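Engineer: What follows is a single structure, and I will ask about it in a moment.
The values are calculated or read from the model by the stated rules, or taken from the named source; none is laboratory data. Everything numeric here is computed off the predicted structure, so don't read it as measured data. Glycine gets a Cβ as well: all are built from the backbone with ideal geometry, and neighbour counts include every protein chain shown. Each accessible area value is taken on the protein alone, full model and side chains, heavy atoms only, with ligands, DNA and RNA left out. Shrake-Rupley method; radii C 1.70, N 1.55, O 1.52, S 1.80 Å.
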Amino acid sequence: NQRYFKQHFELELGRAQRRQGILSLIVFDLDRFKNVNDSYGHLTGDQVLREVSRVARTMVRRTDLLARIGGEEFAILLPESNKTDALSVADKLRLAIAETEFESRVGDQLRVTLSAGVASYPFDGNESTGIFEAADRALYRAKADGRNRVCPEVDSAFAAVS
C-alpha cells in the first residue's frame, strides 16, 4: 500500500508539473490510538482502522488516492486540488470520524479523533518528499496544538517564494 502510494504520488506530481497544475496531500493519523489497542485489543484496533478507511473513502473523489501508510497513519492524494479544497476535505473527514461510533469486539461503543496536516504543490514543495514532509510538519503542529484538528503547512521555504 505504501509503495503503491509513493509510485502514484510520483506519477500525479509529474502530471501536475507537466501541466503546470496543482496537487494537494493530506496526511492524518488517529489521536491517541495506542489507547484503543491497549484498552480493547489489537483486533478492535484493526476493526476501527477498517471503519476509518471506509468513512474516508466516502469523503474522497474517485480520482483521489487514499492509502494507509503505516500504523494508524493515512495519506490522501488529491490531484487538481488546491490547499483550500484539501483543508475542507480534511476537516469534513475529521468531523465525520469524530461523529462515528465504533464498536469494540465486546460491544462497547468508542470514539476516536484524528489530526491532519495539508500541503500542496507547488506552494509547499516541488518534489514528493518535500511535499510529504511539509504535510507531516503540519500534522505534528495539529498534534501539538491540541489534536482533533487540521493544519496547513505554513512554514515552507516555498511559502516565501510564492
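Engineer: Hey, which lysines would be in cross-link range of Lys83, C-alpha to C-alpha under 26 Å, not counting anything within fewer than 8 residues on its own chain?
Structural biologist: Lys6, Lys92, Lys143
Engineer: Where does the Debye-calculated log10 I(q)/I(0) of the chain sit at q = 0.11 Å⁻¹, using only Cα point scatterers of equal weight, no solvent?
Structural biologist: Per q value, in the given order, log10 I(q)/I(0) is -0.42.
Engineer: If you average the alpha carbon positions of region 18-35 and of region 98-120, how far apart do those two centres end up, in angstrom?
Structural biologist: Rounded to whole Å, the Cα centres lie 17 Å apart.
Engineer: Tell me which aspartates and glutamates have Cα within less than 13 Å of Lys34's Cα, excluding those fewer than 8 residues away on the same chain?
Structural biologist: Asp46, Glu72, Glu73
Engineer: So what's region 82-133 giving for Cα Rg divided by 2.2 N^0.38 Å, two decimals?
Structural biologist: Expressed relative to 2.2 N^0.38 Å, the Cα Rg reads 1.58.
Engineer: Order the peptides 61-73, 121-133 from the highest to the lowest mean number of other Cβ atoms within 10 Å of their residues.
Structural biologist: Output ranking for 61-73, 121-133: 121-133, 61-73.
Engineer: State the antiparallel share, in %, of DSSP beta bridges confined to the chain, rounding to the nearest 5.
Structural biologist: If we restrict to bridges inside the chain, about 90 percent are antiparallel.
Engineer: Oh, and also: Taking the alpha carbon gyration tensor of region 1-60, what are the square roots of 5 times its eigenvalues, largest first, to the nearest whole Å? Present the calculation step by step, with values, prior to reporting the outcome.
Structural biologist: Values: eigenvalues 210, 26, 21 Å².
The equivalent ellipsoid of region 1-60 has semi-axes of 32, 11, 10 Å.
Engineer: Rolling a 1.4 Å sphere over the protein heavy atoms, what is the accessible area per residue of region 94-139, to the nearest Å²?
Structural biologist: 43
Engineer: I've got another one for you. Leaving ligands, DNA and RNA out of it, report the carbon-plus-sulfur percent of the accessible area of the chain at a 1.4 Å probe.
Structural biologist: Values: 4020 of 8590 Å².
Carbon with sulfur: 47 percent of the solvent-accessible area.
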